[in-house]
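Following: one structure in structure tokens, then a few remarks.
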Amino acid sequence: MSIELKDISYVYMPKTPFEHLALDNVTITIPDGSITAIAGHTGSGKSTLIQHLNGLLQPAAGTVAIDGTDIWQCKDKSKVKAAKRSVGMVFQYPEHQLFEETVEADIAFGPKNYGCSADEIATRVRDAMAFVRLDYEKYSKRSPFQLSGGQMRRVAIAGVVALKPKYLVLDEPTAGLDPQGREDLLQRIRELHAKEKTTIVIVSHNMDDIARLADKVIILNKGKVAAEGKPADVFKMQEIIQQAGLEVPQITQIMEKLQQAGLSVNSDIYIMDKAVEAIAQAVRGRSRC
């Protein structure tokens, strides 16, 4: 199954002097089990797009189907509710959404509203805190507002992970994090995908993060899909990427520079391990000549 958006358009402040077409006839599919990246510069429409994935925004035109359920046309309210609940959303700077008195209460809020039992809630809270690497004994009774910015973000992410969504949408999850914090969070995302088979949608303008995570990339530019496909194929579309206000991954840029300098390497490489292997092989080949 999958999330399918077909011919989606969305207009902010319609029929006013400030009317703005944010999405223009967008059609995309989020495959079940994938890590799909949606990339675009500020104003490209990517944040507007993801708010359609679980019905936070209703399109001016087009259809949104979650695992075959059209969330705006289906008459079975229970099916629509279940479909929307299968999509968990972590917004940019999610720490701004914290509101409970303790870390434990904040993470438990969603499962409690879903009607989970007390034992199930307790288990989910502990598992979610373990996932984001926050020690339960140390942090569960503390106020989330006494934590560091990075720790607050972990609490916010844990609150969504505790819902156990089939689809997890992360809007600029590494924004503002230091290199170690970014690396740790990306590793947690990979582990969640591998262990729980959670479908991940990551929204970012950081193509290096995307290169390390995604198996599908969608480029948005001015509310339209500019490119879509496997990372290796999309990263070749350098002109389209640049027009969208983005840059190809740094590893790809390095490989291009080495190729231009005369080293026999493939410039399409965007993963570090493969780049190191290709460079070593090229250097060995040159030394034998």
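Among residues that are surrounded by fewer than 18 Cβ atoms within 10 Å (Cβ to Cβ), out of contact with any strand residue (DSSP E or B) (no Cβ under 7 Å at 6 or more places or on another chain) and either at negative phi or of a type in the set (S, T, N, Q) (or both), LYS81 is included.
If you go through segment 184-212 and pick out every residue that is surrounded by fewer than 19 Cβ atoms within 10 Å (Cβ to Cβ), in contact with a helix residue (DSSP H, G or I) (Cβ under 9 Å, 6 or more places away or on another chain) and hydrophobic (A, V, I, L, M, F, W, C), you end up with 2. Just one of the listed residues (PRO94, PRO144, PRO111) is at pLDDT below 90 and touching a helix residue (DSSP H, G or I) at 6+ places or on another chain (Cβ under 7 Å), namely PRO94.
Scanning segment 83-119 for residues being among the hydrophobic types (A, V, I, L, M, F, W, C), part of a helix (DSSP H, G or I) and within 24 Å of ILE3 (Cβ to Cβ) gives a total of 1. Applying the condition of being in a helix (DSSP H, G or I) and of a type in the set (Lys, Arg) to segment 154-207 and asking which residue is modelled with the highest pLDDT yields ARG190. For the structure I just gave you, tell me whether ARG124 is modelled with pLDDT under 95, under 23 Å from the mean Cα position of the chain (by Cα) and charged (D, E, K, R). For ARG124, the condition - modelled with pLDDT under 95, under 23 Å from the mean Cα position of the chain (by Cα) and charged (D, E, K, R) - is not met.
Counting only strands (runs of 3 or more DSSP E) that sit wholly inside segment 1-82, those with at least 2 residues that are without any contact (Cβ under 8 Å) to a residue 60 or more places away in the chain are 2-12, 20-31, 61-66.
How about segment 237-253: which of its residues are surrounded by 17 or more Cβ atoms within 10 Å (Cβ to Cβ) and over 10 Å from ASP208 (Cβ atoms)? Passing the criteria: MET237, ILE241, ALA244, LEU246.
The values are calculated or read from the model by the stated rules, or taken from the named source; none is laboratory data. No experiment lies behind these values; they were computed from the predicted model shown. Positions of Cβ are generated from backbone atoms using ideal geometry, with glycine treated the same way; all protein chains shown enter the neighbour counts.
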